[in-house]
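Here the structure is laid out as structure tokens; the discussion comes afterwards.
Just so you know, all these numbers are worked out from the coordinates, no wet-lab data involved. Since the structure is predicted, the reported quantities are computational estimates derived from the model, not experimental observations. Glycine also receives a Cβ, built like all others from the backbone with ideal geometry; neighbour counts cover every protein chain displayed.
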Amino acid sequence: MPVAKVRELHLWHIKTLLSEKRRQGHAKNSVRLMRAPLSAMLSDAVDDGIIDANPAFQLGRRKATRADKLSAAERVQKIRPMSAEQRTAFLAAAGGYGRYATLFAVLATAGLRPSEAFALKPDDIDMHAHTLRVERALSLGVVKATKTAEARSVDVAPGLLRNLERHLGAVNKEALRRGWGAPEWLFPNESGRPLDIAKVARVFHLASKRAGLPHFRLYDLRHTYASLLLAGGAPITYVSAQLGHANPATTLRYYAKWIPSQGQRWVDLLERGRVAEALTAEVGTTLEPKAEFRTVDDPQLLGRIGSPGRTRTCDLVINSHPLYRLSYRGIPGGRTALYRTRARPDGPTSLS
């Protein structure tokens, strides 16, 4: 079905079709089976950015929900990332498709949504910071905010940055040759306008076939980026920020199975000296090193610094608990008498 006609589909078209099938004598279950592949096809069109919502989704069910909302299980099932080898083979095959090669590299190596990549402008590249500024999306020819309505900076690998620099130079030359002036879009078509999703999808499938890959969708390049980063040990908070998710919980919901969890005894980290020191500094009481014992022979110095055990006094009566108790147990008045006796200059020297 041509893209233009797919974009013109509405809910009443689907309802009219299914009602006509019922009037023709088809059973209710047969009509349901007719709706299922149609809904799957339109869901793929939503993922590819051809339409904004699936008009056949949830049709005929009692519970009314948003037409473009899929369950978490359905979304996870639709995630089919490439392996590292498949990604390498695809990018090598896509290198023969001119302006599309760099676009595919951005999707697979920076993790942008296709609609965000189509809306990139030359000024969004920061060569010094090695980042891409993502602050808009392009859907059905309309520029709008990103899916989360927030702008973000995406880290760019050195290889992709060199690729973007070469691509930008080629775009500037083409704009000068065609008389466009300064190029408005980073990935323009032959008329200087943004690329069309349908044409990009066709080139993507041609490159996939040339690389000998099974069926993938354009959006799977973003899934490939996320899964490979997480499988490589990247923190989920970092991957979430790169993808532009509202929070890491969204990333975890869809990509949890690519996070390494087997073959690694993480608990062993607690017994490694460096980690133990870090934990002590962060969450525990800092333990000072045990003081080295030194013999002090000078009586005056010993009186100032205390006993070798670093108590406040060298007085054995005070320093030794049993002697301290014996020192006042036999004195009338107990401790008060002891303190009073010790305070008198003419008091018994045997207690001091």
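At 25 °C and 0.890 mPa s, grab the translational diffusion coefficient of the range 84-258 from Stokes-Einstein with a Kirkwood Rh over Cα pairs, rounded to a whole number in µm² per second.
148
All other residues with a Cβ under 11 Å from the Cβ of Ala182 taken together, and with Lys, Arg as +1 and Asp, Glu as -1, what is their net charge? Display every interim value, and only then the final one.
Working: positive: Lys121; negative: Asp123, Glu184.
Neighbour charge sum, excluding Ala182 itself: -1.
Hey, what do the phi angles of the range 82-89 turn into as Karplus ³J(HN,Hα) couplings, whole Hz, using 6.51/-1.76/1.60 and θ = phi - 60°, x for Gly and Pro?
7, 6, 4, 5, 5, 4, 4, 5
Quick check: the distance between the Cα centres of the range 1-45 and the range 86-105, to the nearest angstrom?
35
List the residues whose amide H sits under 5 Å from the amide H of Ala137, counting only those 5 or more places along or on another chain, with H placed 1.01 Å from N in the peptide plane.
Lys144, Ala145, Thr146
Ranked by Cβ crowding within 10 angstrom, fewest neighbours first, how are His128, His245, His10 ordered?
Fewest to most other Cβ atoms nearby, the residues stand as His128, His10, His245.
I need Ser153, Ser115, Ser261, Ser19 ordered by Cβ neighbour count within 10 Å, fewest first. Intermediate results must be reported in sequence, preceding the final value.
Working: Ser153 16, Ser115 20, Ser261 9, Ser19 12.
Fewest to most other Cβ atoms nearby, the residues stand as Ser261, Ser19, Ser153, Ser115.
Can you give the relative contact order of the range 84-258 as a percent, counting alpha carbon pairs under 8 Å and 6+ residues apart?
On the way: 224 pairs, mean separation 44.9, N = 175.
Answer for the range 84-258 is 26 percent.
Over the alpha-carbon set of the range 102-164, work out the extent along each principal axis and list the three values in angstrom, largest first.
If we take the Cα atoms of the range 102-164, the spans are 31, 20, 18 Å.
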